[in-house]
Amino acid sequence: MARKNDAFYFDSFIACAELSSQAARLLADIMRSFDPDKIAERIDEMHAIEQAADERKHEVLDALVTAFVTPIEREDIAVLSDYLDTVVDRIEGVLLRLYFDNIREIRPDALKMVEMIERACDEMGKLLGELPQFKRSKALREHVININSIEEEADHVYIASMRELHTGCDDPLQVFTWHEVYTFLEYCVDSVEHVADTVDSIVMKNS
């Protein structure tokens, strides 16, 4: 039977994954029904999610300071907490760039990428849900592979989008701003893959 402290860490990871999904859904909603004059109103919503993720991370790190025994290595807990927090940071970063780069309309390929962020975060939630019973789980590895596949798919869309941007757009300002937005959208999926790879490594070390 798992110790109470074990449940705290695993529950915190799951909660952070859910916050990532909330952030991804919020970003997708903003981009799909895009109104550039209302982005400022939504930034506070996103920042509240980011603050909640920060608080979860700090709770985990504070617990590590006094913990006598941890379910997995302390360093792995700290790294995984940091990577989970980064996912929300990256998603918030996309919204901030839409705002301060004064994006006026959303390019179709950006909607493809935000949909991949949603899918990746949902898979990450399923993955973290399997972590408490990683020694018996038959689905954990499948979720890692699914996230890797989404990241590869996102890479292809990112490359095609950047190519289209740099060859089909004559406005230097548009090229600059969308180059940045595409890059941060791609960072979001990369950050989810970092979580998946870290979980995979943890499982390998503890199996």
Pull up segment 180-207, narrow it to residues that are surrounded by fewer than 19 Cβ atoms within 10 Å (Cβ to Cβ) and small (G, A, S), then point me to the one that is modelled with the lowest pLDDT.
S207
Does segment 15-50 hold any residues that are at pLDDT below 95 and among the hydroxyl-bearing types (S, T, Y), and which are they?
none
Candidates D109, D37, filtered to the one that is surrounded by fewer than 13 Cβ atoms within 10 Å (Cβ to Cβ) and of a type in the set (D, E)
D37
Expected single match for within 23 Å of V189 (Cα to Cα) and more than 17 Å from the chain's Cα centre (by Cα) among R42, R25, R56 is R42
Of the conditions (1) surrounded by 13 or more Cβ atoms within 10 Å (Cβ to Cβ); (2) more than 30 Å from R104 (Cβ to Cβ), the single one that T66 does not satisfy is (1)
Being part of a helix (DSSP H, G or I) and within 17 Å of V192 (Cα to Cα) is the requirement here; does V65 meet it?
no
Taking segment 120-155 as the region of interest, how many residues are under 20 Å from D85 (Cβ atoms) and of a type in the set (K, R)?
1
Which condition breaks for Y9 when tested against (1) modelled with pLDDT of 95 or more; (2) of a type outside the set (V, I, T); (3) within 19 Å of the chain's Cα centre (by Cα)?
(1)
So in segment 113-170, with the set limited to residues that are polar (S, T, N, Q) and in contact (Cβ under 8 Å) with a residue 40 or more places away in the chain, which one is farthest from L185 (Cα to Cα)?
N148
If you go through segment 29-42 one residue at a time, do you hit one that is in a helix (DSSP H, G or I), farther than 30 Å from S207 by Cβ and in contact with a Cys (Cβ under 7 Å, 6 or more places away or on another chain)?
no
Looking only at residues in segment 154-186 that are touching a Ser or Thr at 6+ places or on another chain (Cβ under 9 Å) and of a type in the set (F, W, Y), which one is farthest from M113 (Cα to Cα)?
W178
Residues that are in a helix (DSSP H, G or I) and either touching a Gly at 6+ places or on another chain (Cβ under 8 Å) or aliphatic (A, V, I, L, M) (or both), drawn from segment 134-166:
L140, V144, I145, I147, I150, A154, V157, I159, A160, M162, L165
In segment 125-132, is there at least one residue being assigned to a helix (DSSP H, G or I) and touching a His at 6+ places or on another chain (Cβ under 6 Å)?
yes
Complete set of residues in segment 167-207 that are part of a loop (DSSP other than H, G, I, E, B) and closer than 30 Å to D76 by Cβ:
S207
Can you run down the residue pairs with Cβ atoms below 9 Å, 6 or more apart or on separate chains, where the first is in segment 11-26 and in contact (Cβ under 8 Å) with a residue 24 or more places away in the chain and the partner is hydroxyl-bearing (S, T, Y) and crowded, with 20+ Cβ neighbours inside 10 Å?
S12/S81; F13/S81; C16/S81; S20/S191
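The values are calculated or read from the model by the stated rules, or taken from the named source; none is laboratory data. Just so you know, these numbers come straight off a predicted model, no measurement behind them. We place every Cβ from the backbone using ideal geometry, glycine too, and count neighbours over all the protein chains shown.
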